[in-house]
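The values are calculated or read from the model by the stated rules, or taken from the named source; none is laboratory data. A quick note: this is a predicted structure, and the numbers were derived from the prediction, not measured. Here the Cβ positions follow ideal geometry from the backbone for every residue, glycine too, while neighbour counts run over all protein chains shown. Please note that ligands, DNA and RNA were not included when accessible areas were found on the heavy atoms of the full protein model with its side chains. Shrake-Rupley method; radii C 1.70, N 1.55, O 1.52, S 1.80 Å.
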Amino acid sequence: LDCSELASCAYACDEDDAECESACVEQGSVASVQAFDGLDSCLDSCESAECIFEECAAEGAACYFPGEGELSCSGINDCLGTCDEDGACVDACFAAGDDTGKSIWIQILWCSNSACADFSGDAYTECRNNALAPGGACVDYVTACFFDEEESPAVTEGLSCGDVYSCQAECDADDEAC
């Protein structure tokens, strides 16, 4: 199993079922087990979602998005925009990302999944869009991705660049006034 498959297997086990988790770990390669152990240790050390988002992003990216590339977070985002529903394309975009870009992307995913855990289908999509939009729970990560920095730049006045980016994403491509 690769690390993401190992994590899916282990996290599907009951919390106190060490045999189940061990069976999952035994199916992983040495590299997968090392990446999973790093992620699992970090997750265990956190007591809040915010801690996980901030402290475990590198470990999560190493587990879920293996590979060493050069694309920044915004480059990964642009690449993903060409994928539609093609899972191999999505995997290739993340594999082409650099460590910082992948870490920011996992923060975006974890944050939106946490904010919208109680929803599914269209309600989940709407919640996720709201979480990533201006004023949303995850907009700081979107801003960090747009600037390809792990921390959002300070806003001096008006909209942050992430807010401008989110607003722009809502415009029709041919609507220059928007």
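Of all residues in the stretch 63-113, count the ones that are more than 12 Å from the chain's Cα centre (by Cα) and among the β-branched types (Val, Ile, Thr).
2
Can you pull out every residue in the stretch 94-148 that is open to solvent by 10 Å² or more (accessible area, probe 1.4 Å) and outside any helix (DSSP H, G or I)?
96, 98, 117, 118, 119, 120, 133, 134, 135, 136, 137, 148
Mind listing whichever residues of the stretch 16-44 are part of a helix (DSSP H, G or I) and loosely packed, with under 13 Cβ neighbours inside 10 Å?
If the condition is that a residue be part of a helix (DSSP H, G or I) and loosely packed, with under 13 Cβ neighbours inside 10 Å, then 18, 19, 22, 26, 30, 31, 41, 44 are the ones that fit.
Collect the residues in the stretch 62-92 that are part of a helix (DSSP H, G or I), buried (at least 18 other Cβ atoms within 10 Å of the Cβ) and hydroxyl-bearing (Ser, Thr, Tyr), keeping them in residue-number order.
Result: 64, single match.
Kindly list the number of the only condition in (1) free of Cβ contacts under 8 Å to residues at least 60 places away in the same chain; (2) farther than 18 Å from residue 144 by Cα that fails for residue 66.
(1)
Please go through the stretch 62-79 and pick out each residue that is among the acidic types (Asp, Glu) and under 13 Å from residue 91 (Cα atoms).
68, the sole residue that qualifies.
Looking only at residues in the stretch 4-15 that are open to solvent by 40 Å² or more (accessible area, probe 1.4 Å) and part of a loop (DSSP other than H, G, I, E, B), which one is modelled with the lowest pLDDT?
Going through the qualifying residues, I end up with 15.
Given the options 47, 59, name the one that is open to solvent by 40 Å² or more (accessible area, probe 1.4 Å), within 25 Å of residue 140 (Cα to Cα) and assigned to a helix (DSSP H, G or I).
After applying the criteria, what remains is 59.
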